[in-house]
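A short write-up of the structure that comes next.
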Amino acid sequence: MKAEIPVFVATSIIRQNSPILPYVVKKIVKFRYFYSKPLEKISPNLIASKIISKNSVINESNTKIAPAVLRGERVSVLIKSKNITISSSAKALRDGNIGDIIPIEMNRKIFNAKVTDKGVVTLEN
């Protein structure tokens with residue numbers, strides 16, 4: 001079976017965890033089959049889950065919704081204890097969405113913190 005389908009194609013190399021937009025165009029391509037379902041639309045918070053080569057079809061297996069915190073990213077840390085809140089910064093050691101508990105590295109020590117907003121985690125005592 002041969003058919004044509006409209007798909008999004010990368011206009012340049014898209015690095016892992018980089019935004020998909022504006023590096024795609026919609027094209028009609030001939031195909032026999034796809035390994036993964038091509039995306040029908042691209043949302044602004046979509047990022048590459050791995051390196052996407054130029055002219056590759058954008059699909060479910062090479063993209064993901066951007067998490068609130070990315071591994072290796074500097075995050076704001078709110079340290080809460082009774083009536084006091086202190087803020088600091090740390091390095092996220094894992095991707096995380098809001099509500100997730102992720103490991104962070106602060107002052108050369110590892111802590112588990114809850115992701116509470118984009119780029120923000122909370123430590124409660």
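Taken together, the values in this text are just the output of simple stated rules run on the coordinates, not laboratory data. Note that this is a predicted model, so its numbers are computed, not measured. When we count neighbours, we look across all protein chains shown, and the Cβ atoms used for this are built from the backbone with ideal geometry, even at glycine.
Express the relative contact order of the stretch 3-65 as a whole percentage, based on alpha carbon pairs under 8 Å and six or more residues apart in sequence.
Values: 133 pairs, mean separation 27.2, N = 63.
Rounded, it is 43 percent for the stretch 3-65.
Restricting to Cα pairs below 8 Å that are 6+ residues apart, what does the relative contact order work out to for the stretch 74-124? Please round to a whole percent.
Numbers: 107 pairs, mean separation 18.3, N = 51.
Across the stretch 74-124, relative contact order equals 36 percent.
With +1 on each Lys and Arg Cβ and -1 on each Asp and Glu Cβ, and nothing else charged, work out how big the dipole of the chain is about its Cα centre, in Debye to the nearest 20.
Details: 21 positive and 9 negative charges, 67 e Å.
My answer is approximately 320 debye.
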In Å, descending, principal axis extents of the Cα set of the stretch 3-65: 32, 19, 18
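Checking the table Lys64/Lys109; Lys37/Lys91; Lys2/Lys27 against a 24 Å threshold on Cα-Cα, which pairs fail?
Values: Lys64/Lys109 30 Å; Lys37/Lys91 34 Å; Lys2/Lys27 16 Å.
In this structure, Lys64/Lys109; Lys37/Lys91 lie more than 24 Å apart at Cα.
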Given (i) 10, 21, 23, 20, 10, 8, 5, 1, 0; (ii) 13, 34, 22, 17, 10, 3, 0; (iii) 13, 38, 30, 15, 5, 0, the label whose value is P(r) over Cα pairs in 10 Å bins from 0, in percent derived from this model: (ii)
Top of Thr85, Thr63, Thr11 by mean-square fluctuation, Gaussian network on the chain, Cα under 10 Å: Thr85
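Classify the stretch 74-124: rounded, prolate or oblate, from the alpha-carbon gyration tensor (a ≥ b ≥ c, eigenvalue square roots; a/c under 1.5 rounded; otherwise prolate if a/b is larger than b/c)? Can you show the working numbers first?
Details: a/c = 1.73, a/b = 1.23, b/c = 1.40.
Note, shape of the stretch 74-124 comes out oblate.
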Lys/Arg +1, Asp/Glu -1 at C-beta; the chain dipole; positive extreme among Ala68, Leu46, Phe8: Phe8
The chain: most fluctuating residue of Lys114, Lys50, Lys41 per GNM, C-alpha cutoff 10 Å: Lys41
Which of Leu78, Ser56, Gly119, positive extreme of dipole for the chain (C-beta unit charges): Ser56
C-alpha center-to-center spacing [the stretch 44-94, the stretch 1-41] in angstrom: 24 Å
